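This report refers to the structure that appears directly beneath it.
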Amino acid sequence: MQGGILLRVATPSDVPHLAPLISESARQLSRGFYSDREVESAIRHVFGVDTALIEDRTYYVATLNGALAGCGGWSRRNALYGGDQRRVGTPSFLDPATEPARLRAFFVAPSAARRGVGRRLFEECQEAARAAGFRALTLMATLPGVPFYSTLGFEQVEDVTDVLPDGVPLRFVRMTRALDSLAH
């Protein structure tokens, strides 16, 4: 436990509790980065629980002083982002010797923002990916996530715009970081 933050592997029974946390996180923490229209479209088409991560036991739930505070995970599969409603990428497995693990679906409750929840989730994911033989991590950051991931040593690789099924363009930044150069 770090600063009242507890982590555990997510289970299918967590999904009904994570969906509202993800929506609230997107609505509150995206202000100033995305318009209301972009956020609502993203919640409908992108932001959500990817149950493949839960099945793979690579998705975590964080609590802070007993309250649900966040979720996030990593993946050994090729999908880069998106929830069950619209996963971007394939479910094929990555080669840890040549491909980076995916950091996926990090969301923090607004009441727990800037209290170490995201960092603690990241630390758990990096250690698990390293233990699985991966040498690097990659992710598709939301605009509000870019400053957070930058402080963790991720570098911006490319700006990406995903045109969602309702025609709304949503901007992301693909970022990457070698695992061996991360602090333990």
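The values are calculated or read from the model by the stated rules, or taken from the named source; none is laboratory data. Remember, predicted model here, so these are calculated numbers, not experimental data. Cβ placement follows ideal geometry from the backbone for every residue including glycine, while neighbour counts extend to all protein chains displayed.
Considering the range 56-67, and only residues there that are in contact with a Gly (Cβ under 6 Å, 6 or more places away or on another chain) and among the aliphatic types (A, V, I, L, M), the residue that is surrounded by the fewest Cβ atoms within 10 Å (Cβ to Cβ) turns out to be 64. Being touching a helix residue (DSSP H, G or I) at 6+ places or on another chain (Cβ under 7 Å), of a type in the set (Phe, Trp, Tyr) and touching a residue at least 12 places away in the same chain (Cβ under 8 Å) is the requirement here; does residue 93 meet it? Against the criterion (touching a helix residue (DSSP H, G or I) at 6+ places or on another chain (Cβ under 7 Å), of a type in the set (Phe, Trp, Tyr) and touching a residue at least 12 places away in the same chain (Cβ under 8 Å)), residue 93 does not qualify. Taking the listed residues 129, 105, 112, 69, the one that is of a type in the set (A, V, I, L, M, F, W, C), out of contact with any His (no Cβ under 8 Å at 6 or more places or on another chain) and farther than 20 Å from residue 47 by Cβ is 129, with no other qualifying.
Note on the range 150-169: among residues that are surrounded by 16 or more Cβ atoms within 10 Å (Cβ to Cβ) and under 20 Å from residue 78 (Cβ atoms), the one that is nearest to the chain's Cα centre (by Cα) is 154.
The residue pairs whose first member lies in the range 36-59 and is within 14 Å of residue 171 (Cα to Cα), whose second member is among the aromatic types (Phe, Trp, Tyr) and at pLDDT 90 or above, and whose beta carbons are closer than 8 Å, counting only pairs six or more residues apart or on different chains, are 42/34; 47/107.
Can you tell me how many residues within the range 72-82 are without any contact (Cβ under 8 Å) to a residue 60 or more places away in the chain, out of contact with any His (no Cβ under 9 Å at 6 or more places or on another chain), more than 13 Å from residue 8 (Cβ to Cβ) and not charged (D, E, K, R)? Residues meeting the conditions: 3. Is it true that residue 172 is more than 21 Å from residue 23 (Cβ to Cβ), under 17 Å from the mean Cα position of the chain (by Cα), surrounded by 19 or more Cβ atoms within 10 Å (Cβ to Cβ) and among the hydrophobic types (A, V, I, L, M, F, W, C)? So residue 172 fails the test. Of all residue pairs spaced 6 or more apart or on separate chains, those with beta-carbon atoms under 6 Å, a first member in the range 139-162 that is at positive phi and a second member that is surrounded by 13 or more Cβ atoms within 10 Å (Cβ to Cβ) are 153/177.
Count of the range 16-55 residues, restricted to those that are more than 18 Å from residue 110 (Cα to Cα) and surrounded by 15 or more Cβ atoms within 10 Å (Cβ to Cβ), is 10. Working only within the range 127-147, note down all residues that are closer than 23 Å to residue 32 by Cβ and either in contact with a helix residue (DSSP H, G or I) (Cβ under 6 Å, 6 or more places away or on another chain) or of a type in the set (S, T, N, Q) (or both). Across the range 127-147, the qualifying residues are 141, 142, 144. Taking first residues from the range 168-180 that are under 13 Å from residue 154 (Cα atoms) and partners that are aromatic (Phe, Trp, Tyr) and modelled with pLDDT of 95 or more, the Cβ contacts under 9 Å between residues at least 6 apart in sequence or on separate chains come to 173/149; 175/149; 175/154; 176/154; 177/149; 177/154; 179/134.
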